[in-house]
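This report concerns only the one structure given below.
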Amino acid sequence: MMKVVSSLISSAAFEWVVAVLIVLSAANVGAGLSCPAWEGASFVVDAVVSVLFCAEMLLRVAAGGKGWYRFFQNGWNVFDFIVVVLSALPFMGSGVITLRLFRLFKLGRLFSAHAQMRHIINALMASIVPSLGVCLLLLLLMYVYSVLGVELFRGNDPARFGDLGAALITLGGLLTFEGWQEIFGTAYYGSHIIPSTAPIPCGPAPQAFGWQAVLYFFSYMVLGGFIILNLFVGIVVANLNALSRE
């Protein structure tokens, strides 16, 4: 019997059925939120999918026979087990909001259903610890430039550089290169020429900083936006290559 169960769960047809169930669960969640008329049927479909997921998990555990505990020695198996259990728990209660939230856990099976996706997630997990040093370096850079920005631009643009907190938020946004032209223009030409769109349109002491603004903003974006953030990419790519070699 164990051989039959083991051959069943390792077959391509079984994997396809699981993949279809995962896609069906994802589509059902979206349909239930987008179409109010489908909401009642959505819970029925979700309940059926949860039961099938539980049956699949029992088969995977049972396939190990007396060594069933080895199933939990694999991290992805533990992840799948937690997702299935959490997504099934709300059906034992009556909280509708909790039920809707836990239905989203089924989408987590997408991460473990595809080998390449598991490979990418493993690389990301392996990159967490090496990335901590890069995070500290980025925070140090942001802190230094925030203090400098408050000293330079407080009177010209208090909405963005009025205090350390506002400066940190501004510099964090600059790392995405979103709206940097306006922030840079307010400092380069002065808030009396290009007023800030923030709550305080013009600072109490407008001033055009010229080359100082150029040096400040472009050095920060090169160091933070290009060099340091690309270190994260380098760490992830290095871990992807290492996992591929393994």
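All of the numbers you see were taken from the coordinates with simple rules; none came from a lab. Just so you know, these numbers come straight off a predicted model, no measurement behind them. Note that each Cβ is placed from the backbone with ideal geometry, even for glycine, and that neighbours are counted across all protein chains shown.
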Shape parameters for segment 8-87, alpha-carbon atoms, Rg then Dmax in Å: 14.5, 47
Note, ³J(HN,Hα) from phi for segment 141-157, Karplus 6.51, -1.76, 1.60, rounded to Hz, x at Gly and Pro: 4, 5, 5, 4, 6, 5, 4, 5, x, 5, 5, 7, 10, 4, x, 7, 9
Equivalent-ellipsoid semi-axes of segment 40-84, from the Cα gyration tensor, Å, largest first: 26, 11, 4
Rough spin-label spacing in nm, given labels placed 7 Å along Cα→Cβ, for Asn77 and Phe177: 4.6
Orientation-averaged projected area, Cα convex hull of segment 12-56 (nm²): 2.9
Charge context of Thr170, other residues only, Cβ under 15 angstrom, K/R +1, D/E -1: -3
Net charge of Cβ neighbours under 15 Å - reference Phe153; Lys, Arg +1; Asp, Glu -1: -2
Dimensions (Å) - segment 127-183, Cα atoms, principal axes, largest first: 40, 21, 13
